[in-house]
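One structure below.
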Amino acid sequence: MVEEKEKKEEPIKVPEKFKKIVEEIEKMSVLDLAELVKILEKKFGVSAVAPVIAVPVAPAAGGAAPVEEKSEFTIELKEVGDKKIEVIKVVRDITEKGLKESKDLVDAVASGPQIVKEKVKKEEAEEIKKKFEAAGAKVELK
């Protein structure tokens, strides 16, 4: 396994015109590199999803990658609360299931959290959460 690692770490040939820049980058800390990447992204309107500069500093890539915001959520019913009938109505409205299926889902919450809907966009998930909370239920977005 050590031999494999040695084969992968071949010296990178840096063109003469980039040597000075690469040497400066090698001296930078991970935090400074992350800040530099953000500045370059803003200045040139690009994203650092792919490596911008091939530098043999492995931690820099992990520290510089932008954090993506979650776009799809799963709505999980945790607790029904005092207004069980209102919660059943909300489940029916959201899932377009019949009365019996909605009631069964709400009743099943007693034995553990139940997934009401999956792959929901953020705005819709927030609206659904508000509806459940208005009915007295506790919901978690995952």
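Rule-based calculations on the coordinates, nothing more; no lab input. Only a predicted model underlies this, so the values are computations on that prediction, with no experimental measurement involved. Every residue, glycine as well, gets a Cβ built from its backbone with ideal geometry; the counts of neighbours run over all protein chains shown.
Can you list residues whose amide H is under 5 Å from Glu79's amide H, if they're 5+ apart or on another chain and H is modeled 1.01 Å from N?
Amide H neighbours of Glu79: Lys138.
When only DSSP loop residues count, what trypsin sites (Lys or Arg not before Pro) in the stretch 66-115 have their Cβ near at most 14 other Cβ atoms within 10 Å?
Lys70, Lys83
Sorting Phe73, Phe132 on the 10 Å Cβ count, fewest up front, what's the list?
Phe73, Phe132
Just the ratio, please: alpha-carbon radius of gyration of the stretch 72-141 over 2.2 N^0.38 Å, N its number of residues.
So the Cα radius of gyration is 0.96 times the expected 2.2 N^0.38 Å.
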